[in-house]
Amino acid sequence: MINERMFGLGSQPNPIRVQYAYGLQRKAEIGEENVFDMSIGNPSIPAPAAVRERIEQLLRDEAPEVLHGYTMAAGLASARQAVADNLRERFGIQATAANVYLTAGATAALYITAAAITHPGDEIIVNAPYFTEYKVMTESAGCTCVEVPMRQTDFQLDIDALREAINPKTAAIVINSPNNPVGCIYTQENIEALAAMMTEKEEELGHPIYLISDEPYREITYGKEVPFAANFYRDTIVCYSWAKSLSLPGERIGYIYVSDNIPNASEVAAAVGGAGRALGFICAPVLFQRVIETCISEPTNVDAYASNRELLTGMLDELGYTYIQPDGAFYLWVKALEDDSQAFCDKAKAHDLLLVQSDCFGVSGWARASYCVSAECIKNSRKAWAALKADYDA
């Protein structure tokens with residue numbers, strides 16, 4: 001006997017990963033230069049030099065049994081303190097290390113958080129389009145995923161629609177800014193309106209409604225500020241990863257920060273620790289806990305992504321595509337040339353242009369193109385985009 005839900009997830013994996021796996025196979029068949037894989041958010045720019053220097057220093061100077069040994073479940077005290085200090089210095093919040101839990105990336109952080117603050121039968125609200133795994137995370141906690149569309153005029157949070165969706169079963173709302181897949185950044189006015197509405201609903205319902213702020217793209221912006229949600233709403237839990245900011249997606253290092261403003265923050269932090277234990281997410285990769293101690297403030301090479309954004313959007317302008325101009329992250333939300341986004345991506349695939357269909361993000365009629373690839377890949381993809389457009393013009 002096997003778990004049928006797990007069988008379903010395993011036999012029909014994340015569509016992003018499906019495209020990525022196909023791309024690897026196709027590159028082996030026809031050459032990497034002939035495949036334009038814009039499916040996955042795998043940064044093409046290298047990690048900062050300080051990361052390599054820190055790794056080499058640790059390998060050279062630290063005793064192996066210490067460097068590669070276990071830490072406490074929540075992580076090294078020194079690494080957790082580094083996170084708390086960074087949050088305090090950057091955002092002015094009175095962050096304490098006791099409320100920081102180091103994780104194997106933002107995905108682990110999200111799963112732990114969902115398990116820590118919900119009961120089976122609760123509801124978690126997500127804003128569509130949303131990262132594909134939010135629904136899996138929610139259902140894994142025994143909860144129902146409630147999709148609320150963002151405003152289609154500007155892809156900001158629809159406060160009125162969110163208000164209508166909240167009910168006695170609502171445990172949390174997830175926000176993601178800069179957003180994956182659209183690239184929008186929620187304005188301070190939008191976050192303030194969300195905070196006011198959620199505070200009102202908490203008082204009305206008589207129980208906390210947590211704001212889960214998923215922030216792996218926080219450092220990748222093109223001129224607009226990203227409001228720090230915990231400064232605007234009391235009951236906020238932040239999930240973060242250095243996968244994008246330091247180009248370390250394969251190292252699986254991130255954190256949960258339970259806002260010190262939460263009245264029972266120590267209890268929520270203890271529930272986070274218990275959920276990490278129950279799910280097996282303890283003792284995040286120790287080598288990279290130590291890397292983060294000194295590299296936490298290393299700047300992100302946003303210029304490379306900004307250049308790629310201009311390159312791709314300029315090319316699509318010339319070809320007559322419609323898209324949403326991203327303010328952050330490194331994805332372009334492109335309007336499909338037919339209502340069926342899967343069919344559109346299948347036609348793109350025939351030209352070895354690998355995009356992700358929008359239905360897996362909770363909406364139809366769009367496709368996501370990741371531009372964290374090399375500039376050469378974007379330039380060479382023009383012929384594929386042109387051929388795809390020609391398929392529909394014909």
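Assorted remarks:
- Residue among A165, A171, A98 that is surrounded by fewer than 21 Cβ atoms within 10 Å (Cβ to Cβ), touching a residue at least 40 places away in the same chain (Cβ under 8 Å) and in contact with a helix residue (DSSP H, G or I) (Cβ under 7 Å, 6 or more places away or on another chain): A98
- Among (1) more than 15 Å from A350 (Cβ to Cβ); (2) surrounded by 13 or more Cβ atoms within 10 Å (Cβ to Cβ), the one test that G8 misses: (2)
- Criterion: touching a Phe, Trp or Tyr at 6+ places or on another chain (Cβ under 6 Å), surrounded by 15 or more Cβ atoms within 10 Å (Cβ to Cβ) and under 21 Å from W242 (Cα atoms) - qualifying residue of A329, A336, A284: A329
- Residue within region 127-136 that is over 30 Å from A367 (Cα atoms) and among the hydroxyl-bearing types (S, T, Y) present: no
- Total residues in region 232-245 satisfying the condition of being of a type outside the set (V, I, T) and either touching a helix residue (DSSP H, G or I) at 6+ places or on another chain (Cβ under 6 Å) or assigned to a strand (DSSP E or B) (or both): the figure is 6.
- The residues on offer are A367, A386, A390, and the sole one that is buried (at least 24 other Cβ atoms within 10 Å of the Cβ), among the aliphatic types (A, V, I, L, M) and modelled with pLDDT of 95 or more is A367.
- Subset of region 126-154 [touching a Phe, Trp or Tyr at 6+ places or on another chain (Cβ under 8 Å) and farther than 23 Å from A271 by Cα]: A128, P129, Y130, F131, T132, E147
- In summary, G223 fulfils each of the numbered conditions (1) modelled with pLDDT of 95 or more; (2) part of a loop (DSSP other than H, G, I, E, B); (3) within 29 Å of T300 (Cα to Cα) with the single exception of condition (1).
- Which numbered condition Q25 misses (of (1) in the same structural domain as I237 (by TED's automatic domain parsing); (2) part of a helix (DSSP H, G or I); (3) surrounded by fewer than 19 Cβ atoms within 10 Å (Cβ to Cβ)): (1)
This table checks each residue for (1) among the small types (G, A, S); (2) under 30 Å from H119 (Cα atoms); (3) in contact (Cβ under 8 Å) with a residue 24 or more places away in the chain.
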site	(1), (2), (3)
F281	no, yes, yes
E298	no, no, yes
N308	no, no, yes
G320	yes, no, yes
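- All told, S341 falls short of being of a type in the set (G, A, S), within 16 Å of M315 (Cβ to Cβ), within 25 Å of the chain's Cα centre (by Cα) and surrounded by 15 or more Cβ atoms within 10 Å (Cβ to Cβ).
- Any hit, region 80-90, residues being more than 29 Å from N308 (Cβ to Cβ), among the basic types (K, R) and surrounded by 15 or more Cβ atoms within 10 Å (Cβ to Cβ): yes
The values are calculated or read from the model by the stated rules, or taken from the named source; none is laboratory data. None of the values given here were measured: they were computed from a predicted structure. With ideal geometry, Cβ positions are generated from the backbone for all residues, glycine too; neighbour counts draw on all protein chains shown.
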